[in-house]
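The values are calculated or read from the model by the stated rules, or taken from the named source; none is laboratory data. Bear in mind the structure is a predicted one, so any value in this text is a computation, not a measurement. Cβ sites come from the backbone with ideal geometry, for glycine too, and all protein chains shown count toward neighbours.
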Amino acid sequence: MIKEILVSKWMDNTLSPQELEQFKQLPEYGDYMRLSDYAQAFRAPDFDANACFNSIESRKNLKKNSSKRWLSMVAVLAFLVAGAYFFTQASSSKEITTAIAQQETITLPDNSTVILNAMSSLAFNENTWDENRTVMLDGEAYFKVAKGSKFTVQTDKGTVSVLGTQFNVQERDKMFSVSTFEGLVRVETDNFTGNIGAGYGIFDYNGKTIKRELELQKTAPSWTEKISTFDSAPYSAVIAEMERQFDITIKASTVQTNELFTGSFTHTDLFQALENITIPMGLKFSVTGKVVKLEQE
Amino acid sequence: MPKSIADNVCEESQYKAIYNRYAQDLHNFLYYKFGSNFNPSDKVQEAFIKLWENCAKVAPPKAKSYLFTIGNNMMLNAVKHEKVKLNFQKIPTQDRDHHNPEFLLEEKEYLIKYQKALSKLTEGQREVFLMNRIEGKRHKEIAELLGISRKAVEKRLYLAIDKLRVDIKEL
């Protein structure tokens, strides 16, 4: 028992001179001293506190900038609304744009929610929202629409309208696709007009439309969980999506980009994502700064 | 405890002060507890980003335990029961004979046994032991950092050093 007290005091540097003498008499004294001396060999690696703080700061600023942009938008809106009071019934239109690798969740005036994927923009009119639930979309977004009057999504390639449901609209380059997760959606494009029920989607590429079943048990598009999934999509669309989710440029001049790709990639790890999209196609990649080169294996 | 200027850590100066005060301790704590298979510096960064994101909800006196909990949880998610291993390096020696190969060999063997014995300690024992012996932290300081009682630190330290002594003898 006395041993335990002496050891504890020694480890807290509180031994009195007499106690120190007693401690030295312990048969284990030599072992303890050796353990104590050699503990230094296991010291933690150097921690570069400044470098770590700088990367925290830059990550913080990234977040702050996007909220600042939001703030200035609110300010412009407030100005527009104020203007409307004094002059005409000028409409206040609201536009939300996302950058590379950014996703934004937007709550519309009726509490419908929209998750906007990277490099997309959504515009709607707040003033006339009660009479006309219409949004303009450029890019990709997932909608959870509150029950109510007709809700319309307009894109350059077609119009999607519903009463209250959950669906995904994607309009990118030559591609237009709609997936319905709940309810019934009406889709009108130049070469397709019809209703899409829950569990189904349409995929329009280069003027050809296919209607198909969604993967079972899916309740939301996977990109809302940081995974982009493709089902027989042209490889060029996969590359384009990759460039939207990561701040990189992909060079694939020697690769067949009209081949079809089925698979997915994560948004959280560039290296893993590159493996996800190259290995199944028998490709290899090399990264130089922000440029990624894809080549045949 | 000095009175806090702001109620939360969203204030830049407050945030920086908390960083300066705890980042190094958090880093070393994570290293001693989980070993060198994982990068503790990344977890420090993640924990501080989390603190920033939730700065409005965390009062400054709570920041320390918030950071240690987040860091610890992030490590636990990454570790998933991997065996803990701490790297060792040569320690500067003054009074020892560098050129005696027999001594050097014996020293290396001792360190390998020491390394094994450390991995056999409980996480709780290892973290307090290394913070105490390497960092020279007093019982009270360790107790405050980990949010446990002084008595618990004392107990763990004694169990740790005695277990190391016995284990090294047996190895």
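Could you please tell me which pairs satisfy a Cβ distance under 8 Å, a separation of 6+ or placement on different chains, a first residue in the stretch A:230-259 that is in a helix (DSSP H, G or I), and a second residue that is among the basic types (Lys, Arg)?
That search, which allows pairs on different chains as well, returns A:237/A:172; A:240/A:172; A:241/A:172.
Restricted to the stretch A:251-290, and to residues that are exposed (fewer than 13 other Cβ atoms within 10 Å of the Cβ) and of a type in the set (Ser, Thr, Tyr), which residue is modelled with the highest pLDDT?
Ranking the qualifying residues of the stretch A:251-290, first place goes to A:286.
Name the single residue that is farthest from the chain's Cα centre (by Cα) among those in the stretch A:103-116 being more than 18 Å from residue A:160 (Cα to Cα) and in a strand (DSSP E or B).
In this case the residue turns out to be A:107.
Would you mind telling me which numbered condition in (1) more than 10 Å from chain B (Cβ to nearest Cβ); (2) surrounded by 12 or more Cβ atoms within 10 Å (Cβ to Cβ) residue A:25 fails?
Just one mismatch for residue A:25, condition (2).
Being modelled with pLDDT of 80 or more, within 22 Å of residue A:108 (Cβ to Cβ), assigned by TED's automatic domain parsing to the domain that holds residue A:113 and surrounded by 21 or more Cβ atoms within 10 Å (Cβ to Cβ), is that true of even one residue in the stretch A:197-216?
Checked the stretch A:197-216: no residue is modelled with pLDDT of 80 or more, within 22 Å of residue A:108 (Cβ to Cβ), assigned by TED's automatic domain parsing to the domain that holds residue A:113 and surrounded by 21 or more Cβ atoms within 10 Å (Cβ to Cβ).
Here's the yes/no breakdown for (1) facing chain A (nearest Cβ under 10 Å); (2) within 14 Å of residue B:31 (Cβ to Cβ); (3) under 16 Å from the mean Cα position of the chain (by Cα):
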site	(1), (2), (3)
B:129	yes, yes, yes
B:144	no, no, yes
B:153	yes, no, yes
B:156	no, no, yes
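Go through the stretch B:14-51 and count every residue that is surrounded by fewer than 19 Cβ atoms within 10 Å (Cβ to Cβ) and in a helix (DSSP H, G or I).
Residues that pass the stated criteria total 10.
Restricting the stretch A:217-229 to residues that are part of a helix (DSSP H, G or I) and free of Cβ contacts under 8 Å to residues at least 60 places away in the same chain, which is surrounded by the most Cβ atoms within 10 Å (Cβ to Cβ)?
A:222
Does the stretch B:130-158 hold any residues that are closer than 21 Å to residue A:45 by Cα and of a type in the set (S, T, N, Q), and which are they?
Residue satisfying the conditions is B:132 alone.
Any chance the stretch A:64-71 includes a residue that's part of a helix (DSSP H, G or I), facing chain B (nearest Cβ under 10 Å) and either surrounded by 14 or more Cβ atoms within 10 Å (Cβ to Cβ) or at pLDDT 90 or above (or both)?
no
Assess whether residue B:168 counts as being over 16 Å from the mean Cα position of the chain (by Cα), of a type in the set (A, V, I, L, M, F, W, C) and at pLDDT below 95.
Values: over 16 Å from the mean Cα position of the chain (by Cα): yes; of a type in the set (A, V, I, L, M, F, W, C): yes; at pLDDT below 95: yes.
In short, yes.
Restricting the stretch A:174-196 to residues that are small (Gly, Ala, Ser) and more than 22 Å from residue A:239 (Cβ to Cβ), which is surrounded by the fewest Cβ atoms within 10 Å (Cβ to Cβ)? Before you say what the answer is, go through the steps one by one.
The first filter runs over the stretch A:174-196 and keeps only residues small (Gly, Ala, Ser), leaving A:177, A:179, A:183, A:194.
Retained after the next criterion (residues that are more than 22 Å from residue A:239 (Cβ to Cβ)): A:183, A:194.
Details: A:183: 16, A:194: 12.
Looking at residues that are small (Gly, Ala, Ser) and more than 22 Å from residue A:239 (Cβ to Cβ), I get A:194.
Looking only at the stretch A:144-166, count every residue that is at pLDDT 80 or above, more than 12 Å from residue A:188 (Cα to Cα) and within 23 Å of the chain's Cα centre (by Cα) and tell me the total.
Result for the stretch A:144-166: 2.
Tell me, yes or no, whether the stretch B:19-28 has at least one residue that is under 13 Å from the mean Cα position of the chain (by Cα), modelled with pLDDT of 85 or more and over 14 Å from residue A:44 (Cα atoms).
yes
Take the stretch B:83-107 and flag every residue that is part of a helix (DSSP H, G or I), within 12 Å of chain A (Cβ to nearest Cβ) and either surrounded by 12 or more Cβ atoms within 10 Å (Cβ to Cβ) or at pLDDT 90 or above (or both).
Hit for the stretch B:83-107 is B:107, nothing else.
Let's see how each residue does on (1) of a type in the set (Asp, Glu); (2) touching a helix residue (DSSP H, G or I) at 6+ places or on another chain (Cβ under 6 Å); (3) not in a loop (DSSP other than H, G, I, E, B):
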| residue | (1), (2), (3) |
| --- | --- |
| A:118 | no, yes, no |
| A:122 | no, no, yes |
| A:139 | no, no, yes |
| A:148 | no, no, no |
| A:152 | no, no, yes |
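Within the stretch B:60-76, is even one residue in a loop (DSSP other than H, G, I, E, B), surrounded by fewer than 21 Cβ atoms within 10 Å (Cβ to Cβ) and at pLDDT below 85?
Checked against the condition, which is being in a loop (DSSP other than H, G, I, E, B), surrounded by fewer than 21 Cβ atoms within 10 Å (Cβ to Cβ) and at pLDDT below 85, the stretch B:60-76 yields no hits at all.
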